[in-house]
1. Where in the stretch 316-355 are there GluC sites (Glu not before Pro) that are in a DSSP coil and have at most 10 other Cβ atoms within 10 angstrom of their Cβ?
2. Taking a virtual spin label 7 Å from the Cα of residue 213 along the C-beta vector, which residues in the stretch 139-167 bring their backbone nitrogen under 11 Å of it?
3. Let's test the formula: R0 of 30 Å, r as the Cβ-Cβ distance of residue 149 and residue 254. What FRET efficiency results, to the nearest 0.05?
4. Given the chain, what percent of its DSSP beta bridges are antiparallel, to the nearest 5?
5. Show that you can apply the helix-only estimate: for the chain, add -39,500 (n - 2.57) for every DSSP H stretch of four or more residues, divide by all residues, and state [θ] at 222 nm to the nearest 500.
6. Evaluate the distance, in nm, between pseudo-label points positioned 7 Å from the Cα of residue 267 and of residue 328 along their respective Cα→Cβ axes.
7. What list of ³J(HN,Hα) couplings, whole Hz, do you get for the stretch 229-242 from phi and the Karplus terms 6.51, -1.76, 1.60, once you set θ to phi - 60° and write x for glycine and proline?
8. Can you figure out the FRET efficiency of residue 291 with residue 362, using R₀ = 22 Å and their beta-carbon distance, to the nearest 0.05?
Amino acid sequence: MDILQLCYALMVAITAICVASGNDPCRLLDSNVCEVCKCVSRNVDCSNRNLTAIPSHIPNDTYTINFENNGISCIPKDYFRYFAVLSKLTIVMNSVTEPFIPPMSMKKLIANNNLLESSELIFSQCEHLEEVNLHSNRIAFLPDYITRNCSKLTLLDLRNNLFDRISQHSLGFLPRLIDLRLSLNRKLRHIDEGALNLVCESLQKLTMSECDMLGNVPTGLIRGCTKLTSLKLAFDDITHIDGEMFYSQIRLFYITFRSNPLIQLDDSTFKHLTSIQSLVLSNTSLISIPAKLFNSTSIIRDLDLSTNRLITIPEELFSSEYTNHFMMRLTLSDNQLEYIPPTVFSHLRRLQQLYIFRNQIANLTKSLYLPNSQNKPAKLM
């Protein structure tokens with residue numbers, strides 16, 4: 001056996017051992033990175049290059065690497081071990097199936113639109129990670145306390161994966177998390193009570209829309225999230241809103257329950273919310289609105305009740321001192337309204353836009369419904 005045959009046999013044997021032992025057999029592209037990609041200063045841009053593998057010889061003092069929109073299916077598990085200053089890695093729109101270990105220096109990982117089925121290795125070294133985007137992968141499970149070392153994480157995007165449950169300990173201690181995105185997890189059936197307890201301290205935005213199988217959310221889901229400003233729960237098959245879920249939500253400004261089969265609300269649904277600026281309740285099958293729904297709720301600048309089954313509006317709905325000074329836009333279009341008491345909007349002195357088209361109201365005039373508006377001209381549509 002000559003030397004070439006010996007080398008080939010050795011290579012085959014090593015590959016077989018790697019595969020059998022579960023190690024990563026990913027190959028590298030046999031080209032210097034700066035021959036196939038754009039290298040500027042200490043930044044490497046390999047986006048849109050039709051690559052099927054990672055180029056070799058990427059300098060380990062690189063700051064940022066962009067592999068967006070290629071055909072890369074595998075990244076060696078320990079490939080980034082010696083990248084001491086790599087702060088941002090973008091591998092959007094590839095076919096990566098196996099997770100890899102990011103370098104200790106990593107701050108931003110953008111890995112959406114791949115085929116990842118696990119996230120364990122990705123969070124194994126996350127001490128400096130600030131943003132992680134795993135949107136549109138195939139991740140079905142978050143092990144308990146997987147993020148316990150990610151103390152600097154501010155944004156976590158897990159939209160459009162295959163989760164069926166978020167357990168009480170799935171999201172570990174994340175004291176700086178501001179933005180959590182869980183929408184489009186269409187198999188998500190259950191969220192444990194207290195699942196957000198360890199991230200609530202700093203959470204400001206929670207997006208959990210289009211989780212078709214979710215149903216009603218736990219009453220205590222956002223309990224303690226006192227900095228929460230935005231809550232999006234659209235298209236979630238929610239049939240009831242327990243007003244106690246909003247206990248202590250003093251900063252919750254934007255809320256949407258759009259396209260949920262709510263049918264009805266209680267007088268106390270929003271009693272704990274004192275600072276709403278935008279409330280979206282469109283396409284929820286509501287057939288009536290409680291007269292005292294907004295008795296203790298202030299600063300509703302934008303209220304959307306469109307595309308429901310409302311027949312009338314209670315005369316005292318907007319008579320509360322909390323609502324009459326601030327509401328600027330009201331949308332009631334696409335309902336079944338036949339009659340509205342002439343004085344129902346008389347307290348809305350700052351109302352600028354009233355959308356009321358596609359109903360069954362006769363003799364609709366601006367002077368009738370907006371006699372006291374301070375905004376001239378207010379829009380009636």
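Values in this text are rule-based calculations from the coordinates and carry no lab data. Keep in mind that this is a model prediction, so the values were computed, not measured. Glycine gets a Cβ as well: all are built from the backbone with ideal geometry, and neighbour counts include every protein chain shown.
1. Here the GluC sites (Glu not before Pro) that fit, given the DSSP loop and packing criteria, are 321.
2. 162-165
3. Efficiency for this residue pair is about 0.45.
4. Roughly 5 percent of the DSSP beta bridges within the chain come out antiparallel.
5. That comes out to -2000 deg cm²/dmol.
6. 3.2 nm
7. Residue by residue, the stretch 229-242 yields 10, 9, 10, 10, 10, 8, 6, 10, 6, 7, 9, 8, 10, 7 Hz.
8. E between residue 291 and residue 362, to the nearest 0.05, is 0.40.
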